[in-house]
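A quick write-up on the structure given underneath.
The values are calculated or read from the model by the stated rules, or taken from the named source; none is laboratory data. Source: prediction; values computed, not measured. Please note: Cβ atoms are built from the backbone with ideal geometry, for glycine as well, and neighbour counts cover all protein chains shown. Just the protein is used for accessible areas: all its heavy atoms, side chains included, with ligands, DNA and RNA removed. Shrake-Rupley method; radii C 1.70, N 1.55, O 1.52, S 1.80 Å.
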Amino acid sequence: MSGYRVTQEIDPSRWDAYVDSMPAATSYHLSAWGKIIGESFGHRTHYLAAVDQKGEVAGVLPLVHMKSALFGSFLVSVPFVNYGGLLCRDSGCEQALLREADVLRRSCGAAHVELRHLGCGIEGLPSREHKVTMMLALSEDPDVQWANFNAKLRNQIRKAQKSGLSFQTGGVELLDDFYDVFARNMRDLGTPVYGKEFFGNVLGSLPETTRIAAVQSEGKVIAAGILSRYKKSMEMPWASSIAEYKTLCPNNLLYWESIRFAIGQGCASFDFGRSTPNEGTYNFKKQWGAEPVQLYWQYLLEKGKALPELNPKNPKFQAAISIWKRLPVGLTRLIGPAIVRNIP
């Protein structure tokens with residue numbers, strides 16, 4: 001026996017204290033994300049903690065149960081974001097949490113458990129390695145960071161500045177503007193949009209570490225993103241711009257000013273978010289000097305079962321994506337949240 005007891009009865013402050021103590025922790029391991037997901041999407045959460053014989057927390061695994069007629073029943077750590085997964089201090093603790101996760105999978109009728117790991121996976125688990133996150137090491141001096149950019153990138157940023165675009169950061173007062181841009185962009189990509197209340201819950205639950213970054217043209221927000229800081233890393237997990245303003249390079253200004261903001265906050269790295277290697281967004285992020293860090297999406301599932309295919313590359317979703325791109329933005333804002341709540 002491992003000597004670890006796994007429980008869901010851990011005070012959030014104890015959970016977060018353990019997360020904060022672990023070098024491999026991410027913001028998505030924090031207990032606040034269970035509250036955000038539960039309130040935003042109505043999914044049941046199972047926050048598993050392994051406790052040692054002294055009663056100390058030795059490992060955690062946040063799980064969210066999702067189920068729908070289209071995608072079936074499954075558990076994810078953590079859905080809607082790029083990473084989460086298992087966080088523990090030794091292999092005995094790891095195995096205790098994995099065993100309990102599989103017991104939970106069977107008891108709630110889930111087909112699989114998906115664990116989203118950053119940088120390294122768990123040996124022996126079936127894995128998908130089709131995505132990376134793009135991470136930029138930050139200088140303490142924004143002038144040094146600027147000097148590291150190539151001439152083309154610097155010219156694009158200058159073009160945005162000379163076009164009269166302005167940058168600001170803020171909180172919930174910028175939510176409507178952010179969401180207008182985000183919902184329009186998601187429609188153009190053929191992707192159902194999250195409800196605005198999801199982003200409101202993120203801002204409300206993590207007010208000290210989450211901001212909205214926005215670029216304006218003549219008083220109108222034309223590009224915006226969510227900035228999330230944890231320890232010495234700043235991430236922009238959601239960002240969008242209005243296609244008609246592309247020639248003004250608002251995305252370039254959005255990211256440059258967000259990088260400057262991160263440096264001012266004392267961050268050592270800037271996470272541009274998830275990409276598929278060698279595709280368009282990957283190449284955009286690569287030009288900033290960002291390097292790929294592997295994402296390992298790993299699975300607990302019945303022996304002999306194939307890995308799930310819940311991704312837009314799956315041919316059966318292509319027709320739906322094509323139709324979605326032609327819908328009015330207002331309609332996608334109305335019906336999108338009910339669809340996307342079941343897409344991890």
Spin-label pair Ala24/Asp11, simplified geometry with 7 Å Cα→Cβ offset, distance in nm: 2.8 nm
Which value, in nm² and rounded to one decimal, describes the direction-averaged projected area of the C-alpha convex hull of the range 171-239? 4.8 nm²
Most fluctuating residue of Asn251, Asn278, Asn185 in a GNM of the chain with Cα springs under 10 Å: which is it? Asn278
Scoring only Lys, Arg, Asp and Glu (+1, +1, -1, -1) among other residues with Cβ under 11 Å from the Cβ of Ile212 yields -2
Which is the longest part of the chain that has none of the GluC sites (Glu not before Pro) sitting in a DSSP loop with at most 16 other Cβ atoms within 10 Å? 141-207
For a quick check, take a GNM of the chain with Cα springs below 10 Å and name the residue from Leu97, Leu115, Leu327 with the largest mean-square fluctuation. Leu327
Rounded if a/c under 1.5, otherwise prolate or oblate - the range 130-284, Cα gyration tensor axes: rounded
Give, as a single signed number, the net charge of other residues whose beta carbon lies under 10 Å from the beta carbon of Ser73, with Lys and Arg counted +1 and Asp and Glu -1. +2
Taking the Cβ of Gln287 as the centre, find all other residues whose Cβ is under 13 Å away and add up their charges (Lys, Arg: +1; Asp, Glu: -1). +3
From Cα pairs below 8 angstrom and at least 6 apart in sequence, can you work out the relative contact order of the chain, rounded to a whole percent? 22 percent
Give me the extension gain from Ser269 to Ser91: residue separation times 0.36 nm, minus the current Cα-Cα distance, reported in nm with one decimal. 61.2 nm
Starting from the Cα-Cα distance between Glu279 and Asn148, subtract it from 0.36 nm times their residue separation and give me the gain in nm to one decimal. 44.9 nm
accessible surface per residue for the chain, probe 1.4 Å, DNA/RNA/ligands not counted, whole Å² -> 46 Å²
Decide, for the range 110-216, between rounded, prolate and oblate: order the square roots of the alpha carbon gyration tensor eigenvalues as a ≥ b ≥ c, take rounded if a/c falls under 1.5, and otherwise choose prolate if a/b is larger than b/c, else oblate. oblate
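Quickly rank 13-26, 331-344, 219-232 as a protection proxy: mean count of other C-beta atoms within 10 Å, highest first.
219-232, 331-344, 13-26
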Find how many whole Å separate the alpha carbon centroid of the range 274-311 from the alpha carbon centroid of the range 71-102. 18 Å
Tell me which of Leu30, Leu136, Val51 sits at the most positive position along the dipole axis of the chain, charges placed on C-beta atoms (Lys, Arg +1; Asp, Glu -1). Leu136
Rounded, prolate or oblate for the range 69-136? Axes are the square roots of the Cα gyration tensor eigenvalues, ordered a ≥ b ≥ c, and the cut-off for rounded is a/c under 1.5. oblate
For the chain, what log10 I(q)/I(0) values come out of the Debye formula at q = 0.10, 0.14, 0.16 1/Å, with one point per alpha carbon and no solvent? -0.62, -1.22, -1.53
